[in-house]
Amino acid sequence: MEPHATGARADVTADHSVSDAAGLPARIGPYRVEALLGRGGMGEVYRGFDPRLQRPVALKRILAARQGPTARARFWREARTLAALQHPGFVTIHDIGESDDELYIAMELVDGVSLAAVQQRAWSVPATLTLASALARALGAAHAAGVVHRDLKPSNVLVTGDGTPRLIDFGLARRGDDDAGVTAAGAVIGTLSWMAPEQVAGDPVGPATDVFALGTLIYTLLCGAHPFSRDSNDATVAAILVTAHAPLAQRRPDLPAELVALVGRCLSRDAAARPRDGAELARALEDLAAKRGWTLDPSLVSAVVDGDVTPAATSPTMDVTRPRPGRPRRRAAVTAAAVAAAA
């Protein structure tokens, strides 16, 4: 389990055992409730159905008992943030409202697999760069709109059937000065093992904060090991702020020097030394792939997620993973709604 810093929300856990007989609300606003998808410290996410437009939706509800001023402010901030972001890497918000004194957001229902469920698999370099460049492009769109996610991690990434990653849960996102009155000065917000040094220290954050988190994700996928996560919060803080993590080149000596250097820049403790935002990181990743002759193909990502890959018999540096021919896809039956739930 990932250690969380004070003030961070609890992760949502999938709960497929709950049925209508177990006390699900019949409706939330105009939407019919069909199943519970996730539950967190502040609320719940349901699979629902909009009878007016005849389409499935994800319904994120903040429970009345949890609706203090800060929770309500964060709810509205997330709704406004999602509404302002127009990019295929994000979920689409359909509606917001209040039902029986409980706030809710109706969102696009995403049929996908949480990256957290597959991060320990053997990710090839091209598959990793495909996923990372798509996430960097999405972050770049957010950064251009003045939004910093502040909680990028595998459980906040869904991978759809075609290999496209979707970034979810903007409950901790910061949009310009919209954080005023919601997060106390110096407060530590996020998930500890995925935080940048400035987050851990309670210092101001910016787009480079998300770049650090994405660099951590790239390192983790390439190595199958997290660079900073330790057995205790104190040790994790020390790893982020003070001690040196295992060099990427030491764990993966087959990787090209340019990739090792780029990941190293992303993980710099000095935010000014990192790529300045998601767009710059995306360009760097794409330029590296082009230089090496690697095709950034979403099918490589979906093959890893489906567990339907076989390492190619090529040089270790190429590290290509290809789908097995003639084998049907085995997608997990996870309709993981923008399970940005219950922040």
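The values are calculated or read from the model by the stated rules, or taken from the named source; none is laboratory data. Treat the numbers as computed from the prediction; the structure is a model and nothing was measured. Neighbour counts are summed over all protein chains in view; Cβ atoms, including those assigned to glycine, are modelled from backbone coordinates with ideal geometry.
Could you check, for the range 332-343, whether at least one of its residues is buried (at least 19 other Cβ atoms within 10 Å of the Cβ), in a loop (DSSP other than H, G, I, E, B), modelled with pLDDT of 50 or more and not assigned by TED's automatic domain parsing to the domain that holds Trp76?
Scanning the range 332-343, I find no residue that is buried (at least 19 other Cβ atoms within 10 Å of the Cβ), in a loop (DSSP other than H, G, I, E, B), modelled with pLDDT of 50 or more and not assigned by TED's automatic domain parsing to the domain that holds Trp76, so the answer is no.
Could you give me the residue pairs with C-beta distances under 6 Å whose first residue belongs to the range 253-272 and is in contact (Cβ under 8 Å) with a residue 60 or more places away in the chain and in the same structural domain as Pro197 (by TED's automatic domain parsing), whose second residue is buried (at least 18 other Cβ atoms within 10 Å of the Cβ) and assigned to a loop (DSSP other than H, G, I, E, B) wherever it lies, and which are 6+ apart or on separate chains?
Pairs found: none.
Filter the range 154-197 for residues that are farther than 21 Å from Gln120 by Cβ and part of a strand (DSSP E or B); which is modelled with the highest pLDDT?
Arg174
Do you know which residues across the range 78-104 are within 24 Å of Gly140 (Cβ to Cβ) and hydrophobic (A, V, I, L, M, F, W, C)?
Within the range 78-104, Ala79, Leu82, Ala83, Ala84, Leu85, Phe90, Val91, Ile93 qualify.
Return the only residue of Gly43, Gly48, Gly38 being modelled with pLDDT of 95 or more, surrounded by 18 or more Cβ atoms within 10 Å (Cβ to Cβ) and not assigned by TED's automatic domain parsing to the domain that holds Arg230.
Gly48
Working only within the range 67-95, note down all residues that are in a helix (DSSP H, G or I) and closer than 23 Å to Glu34 by Cβ.
Phe75, Glu78, Ala79, Leu82, listed by residue number.
Quickly run through the range 107-136 and pick out the residues that are over 13 Å from the mean Cα position of the chain (by Cα) and in a helix (DSSP H, G or I).
Once the filter is applied, which keeps residues that are over 13 Å from the mean Cα position of the chain (by Cα) and in a helix (DSSP H, G or I), the range 107-136 yields Val125, Pro126, Ala127, Thr128, Leu129, Thr130, Ser133.
Does the range 287-309 hold any residues that are of a type in the set (Ser, Thr, Tyr) and under 20 Å from the mean Cα position of the chain (by Cα), and which are they?
Ser299, Ser302
Test Ala279 against the criterion of being of a type outside the set (Val, Ile, Thr), within 24 Å of the chain's Cα centre (by Cα) and modelled with pLDDT of 95 or more, and give yes or no.
Yes, satisfied.
State whether one or more residues within the range 263-275 are assigned to a helix (DSSP H, G or I), of a type in the set (Ser, Thr, Tyr) and closer than 23 Å to Ala142 by Cα.
Scanning the range 263-275, I find no residue that is assigned to a helix (DSSP H, G or I), of a type in the set (Ser, Thr, Tyr) and closer than 23 Å to Ala142 by Cα, so the answer is no.
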